[in-house]
1. Subtract the Cα-Cα distance of Cys235 and Arg189 from 0.36 nm times their separation in residues, and report this length gain in nm to one decimal.
2. Distance cut-off 20 Å, Cα to Cα: go down the list Lys273/Lys340; Lys143/Lys242; Lys135/Lys266; Lys242/Lys273 and report the pairs above it.
3. What nm value, rounded to one decimal, do you get for the distance between Arg146 and Gln364 when each label is placed 7 Å out toward the C-beta?
4. At 7 Å along the Cα-to-beta-carbon direction for both Ala356 and Asp287, put a label point, then send me their distance in nm to one decimal.
5. Averaging sequence separations of C-alpha pairs under 8 Å and six or more residues apart, then dividing by the length of region 225-290, give the relative contact order as a whole percent.
Amino acid sequence: MEVRAHPPLHRGQGSADRFAQFVGHLLHLRCGGDGPPLDSCDFDFDSDGFMLLPANQRRASNWLWKALPRVRALRLRLRIPEDPGASPLSDMHLFSQHLTRLELVGVGFYDTVVDFTGCPALVELSMDTCDVFVKQLLSPSLKHLRITRCYAHDNYRILISLPNLVSLELIEWGQGRIPLLGSLPSLARAVVVLKESCADQCSQGRFDSCGADDDMCDSCYYYYGDPERGPQYDCNNCIFLKGLSEARDLELSANSDVVVFNRDLKWCPTFTKLKTLLLNDWCLAADHNALICFLQHSPILEKLTLQLSKGPPYVTEAEGIYKPLGQSVASNCLKIVEIKCENVDNKVHKILKILATYGIHLEQISVQQTSGIPGSGCFNFVCTGFSEN
């Protein structure tokens, strides 16, 4: 059985009250006994002004309290409240023996920890445009985590350390610090997209710390936590990449100003299981520092994809943090390198030379040129040599 609760739009208070009574009675009858759990329950509170009334806030919390222990899949859609206390999950302890999938849109979390240990069957969690002002996410059972366009604190990070996580998606991370990734021993696939709103950007364009105070560069000042309280994270270890080191399939895309990937290269782990890798323009900074690093730390890599944006080469005076391991070659397992671009320009030419330098034959490289015009198709060709010009 599936239950959907969508408050009526643009109706009088009497209509809203009758709707609330109906939903309350329905949940009492369906979730109040010992019958089989609901297959799914969908609460959409993103209606005009519904959550502005304290009475409706109490109703929403009561409905969730009744449904949560008796449902397998729960979807909750809100508008992020101006008052954190108005969120129906703000003071809830989540306990359910049946919940396997949870989808949250516009929900706010403001406690120290988001704790799902009371939901031992939970395997899939999706969070979209949520406030996640917490320091830790806990779940011993979670296998699939998707966080899209969410907001976190500027001065500290969310620790994500999930023993059974298989797939991780951090898409268009909103304002705030990107998470601190702890142990993810079961991780097989990760997709990460960091945009310009991410707080991990150095105003001086440095990959190491620029040493500026908080008036000059918040990003570096709070990179490892609040200096006035002492570093909250290990200053001699990865913030992010180490947690991805067990992945078999990895996509890392970032705006050119985001520095966390490049800073992590100083302690870059070996990706012993990595078979497919996608990178965008961020890996070209500092003479292709990150690209070289991944080639030398992915011993069984089979496919590399470089997704290049239109525009001039990445220009920075910052020195790369990673020091290449001599001229050691890339993986002997590497079968193909795909370069996707709108123009075969000097940027592509430099990449081809770097790849050749590190033992990749030109015959293994496929260049896919798109026109940038929808519906106009693309051209694929294999490199056979370099032009003197």
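Read the figures in this text as sums done on the coordinates, not as results from a lab. All values derive from a computational prediction rather than experimental measurement. Reconstructed Cβ throughout: ideal geometry from the backbone, glycine too, with neighbour counts over all protein chains shown.
1. On the way: separation 46, 0.36 × 46 = 16.56 nm, distance 2.65 nm.
Going from the current span to full extension adds 13.9 nm.
2. On the way: Lys273/Lys340 24 Å; Lys143/Lys242 18 Å; Lys135/Lys266 25 Å; Lys242/Lys273 13 Å.
Distance filter (> 20 Å) returns Lys273/Lys340; Lys135/Lys266.
3. With each label point 7 Å from Cα toward Cβ, the separation is 3.4 nm.
4. Result for the modelled spin labels: 1.8 nm.
5. 36 percent.
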